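Written below as structure tokens is the structure these notes are about.
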Amino acid sequence: MPNLLETLETHKAAKNDKRVFGLVVQGGGMRAVYSCGAMVTLLQYGLTDVFEHVIGSSAGAMNGAYYLSADAEATSIYTEDISNKNFVNLLRRDKKVDIDYLVDLVLKHKRPLNLDKLRHSRSQLHVVVTNAKSGRKEVLSNHEDFVEIYEEFRATAALPMLYDKKVNIKDKWYIDGGVSDLIPLDVAHQLGCTDIVVVMTQCVSNYHFDRRHTRLVNHLIRRYAKNQPSAVRKILPTNEKVLKVNLNRIKHPFKKTRVYLLEPSDEGSLISLSTIDKPKVELLAKLGVHDMDVLLHEELVN
């Protein structure tokens with residue numbers, strides 16, 4: 001049996017391959033350095049323009065865009081540019097996680113996207129956002145030459161309570177995409193993907209759903225998210241119904257759909273979404289690089 005690397009290379013080279021490959025990238029704040037490292041490995045093997053669709057919410061959307069722009073140094077955004085109190089400072093009154101600093105200073109000026117490569121990529125980028133009024137998921141797929149891509153980043157990463165601002169794009173207001181869809185595998189299914197690589201930043205086994213935890217979360221949300229519409233408060237911190245569906249589809253894919261799962265191999269290396277400890281961030285980036293390399297070379301099983 002071929003491994004994933006051979007499968008992707010074959011798909012990239014074949015003109016008549018009817019399979020549709022999707023890449024789903026989970027976010028998770030600073031923890032998304034893991035998925036960013038995984039994207040770097042794909043680039044190192046020349047696996048650009050191999051996916052028809054790249055889908056991400058929050059930092060996962062950013063990582064997907066930098067992958068499509070062929071930026072093999074993208075992990076430095078996490079390890080060099082935002083692992084500091086300019087980005088994360090939980091003692092600040094406002095913008096405890098400063099998405100404006102990330103977008104306006106780091107992404108636009110220090111680490112700008114290669115927009116030309118992004119525009120000419122074979123892959124279509126899909127950015128998941130949450131409607132700030134209804135709490136419903138929306139997917140931004142028509143980027144119109146990517147002139148508003150940085151605002152799409154700001155919107156999909158607009159964390160309630162931590163950034164606590166809504167972002168306007170074409171007269172609609174959005175917040176963090178992870179609120180409505182933390183692991184947008186369902187979007188890949190809707191796009192007709194037959195083969196889906198899912199890059200997690202947290203192990204599937206770490207997701208637990210129990211009433212006691214739900215009551216605690218709801219209590220904290222009622223206390224600290226008072227300025228959010230009721231439709232948003234009901235699904236904070238993420239829409240559990242959608243999450244449960246996607247977790248189930250990872251474990252039990254649809255017929256004629258294949259899911260290739262990447263998740264951290266060393267749970268001891270995981271960090272929180274607000275960690276700015278540079279050595280820990282660097283370690284998690286290296287783990288993402290390593291784990292994707294292992295996944296690419298694992299023999300596939302029928």
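The values are calculated or read from the model by the stated rules, or taken from the named source; none is laboratory data. Predicted model only: the values in this text are computed from it and were never measured. Note that we place each Cβ from the backbone using ideal geometry, even for glycine, and neighbour counts take in every protein chain shown. To get the accessible areas, we keep the full protein, side chains included, count just its heavy atoms, and leave off ligands, DNA and RNA. Shrake-Rupley method; radii C 1.70, N 1.55, O 1.52, S 1.80 Å.
With just the Cα atoms defining each centre, how far is region 16-76 from region 236-302? Give it in Å.
13 Å
With a cut-off of 8 Å between alpha carbons and a minimum separation of six or more residues, what is the relative contact order of the chain in percent?
In percent, rounded to a whole number, it is 29.
State the antiparallel share, in %, of DSSP beta bridges confined to region 167-302, rounding to the nearest 5.
Roughly 40 percent of the beta bridges in region 167-302 run antiparallel, per DSSP.
Is there a pair in 108/280; 165/226; 95/137; 165/280 whose C-alpha atoms are over 18 Å apart, and which pairs would that be?
Flagged as over cut-off: 108/280; 95/137; 165/280.
With every protein chain present, what is the per residue accessible area of region 203-249 (1.4 Å probe, Å²)?
Each residue of region 203-249 exposes 70 Å² on average to a 1.4 Å probe.
Would you rank 19, 93 by solvent-accessible area, highest first, keeping every protein chain in place and using a 1.4 Å probe?
93, 19
Keeping the other protein chains in place, figure out the carbon and sulfur percent of the accessible area of the chain, with a 1.4 Å probe.
51 percent
Straight-line reach from residue 110: which lysines have Cα under 19 Å away, leaving out those fewer than 8 places along the same chain?
Partners within reach: 85, 278.
Sort 73-80, 238-245 by the packing proxy (mean of other Cβ within 10 Å over each peptide's residues), most packed first.
The peptides rank, most packed first, as 73-80, 238-245.
Given the convex hull of the Cα atoms of the chain, what is a quarter of its surface area in nm²?
15.0 nm²
Share of antiparallel DSSP beta bridges in the chain, in percent to the nearest 5?
Given both bridge residues lie in the chain, the antiparallel proportion sits at roughly 35 percent.
Lysines near residue 251 by alpha-carbon distance under 22 Å, same-chain residues fewer than 8 away left out - which ones?
Within reach: 241.
What ³J(HN,Hα) values, in whole Hz, does the Karplus curve 6.51 cos²θ - 1.76 cosθ + 1.60 give for region 88-98 when θ = phi - 60°, with x put for Gly and Pro?
10, 8, 5, 8, 5, 5, 10, 6, 4, 10, 8
Mind pulling the angle between the C-alpha long axis of helix 33-44 and the longest principal axis of the chain? Nearest 10 degrees, somewhere in 0 to 90.
Compared with the principal axis, the helix lies near 20 degrees.
What figure in square angstrom, to the nearest 10, would you give for the accessible area of residue 208 with a 1.4 Å probe?
130 Å²
In Å², what does the accessible area per residue of region 1-151 work out to with a 1.4 Å probe?
Computed with neighbouring chains in place, this is 41 Å² per residue.
What is the angle, in °, between the Cα long axis of helix 59-68 and the longest principal axis of the Cα atoms in the chain? Nearest 10 is fine, range 0 to 90.
Tilt of helix 59-68: around 40 degrees.
How large is ³J(HN,Hα) for each residue in region 130-144, as worked out from phi by the Karplus curve 6.51 cos²θ - 1.76 cosθ + 1.60 (θ = phi - 60°), to whole Hz, x for Gly and Pro?
10, 4, 5, 9, 8, x, 7, 6, 10, 10, 8, 10, 9, 8, 6
Using only Cα atoms, tell me the angle between helix 278-297 and the longest principal axis of the chain; keep it within 0 to 90° and round to the nearest 10.
30 degrees
Mind listing which GluC sites (Glu not before Pro) in region 260-302 are in a DSSP loop and have 16 or fewer other Cβ atoms within 10 Å?
Sites meeting the loop and neighbour criteria: 298.
Tell me which aspartates and glutamates have Cα within less than 18 Å of residue 255's Cα, excluding those fewer than 8 residues away on the same chain?
186, 195
When only Cα pairs under 8 Å and 6 or more residues apart are kept, what is the percent relative contact order across region 37-146?
33 percent
First measure r as the distance between the Cβ atoms of residue 168 and residue 252, then evaluate 1/(1 + (r/R0)^6) with R0 = 45 Å and state the FRET efficiency to the nearest 0.05.
0.70
Could you tell me the accessible area of residue 290 in Å² (1.4 Å probe, neighbours in place), rounded to the nearest ten?
100 Å²
Over region 194-302, what is the relative contact order in percent, taking alpha-carbon pairs closer than 8 angstrom and at least six residues apart?
Computed over region 194-302, the figure is 39 percent.
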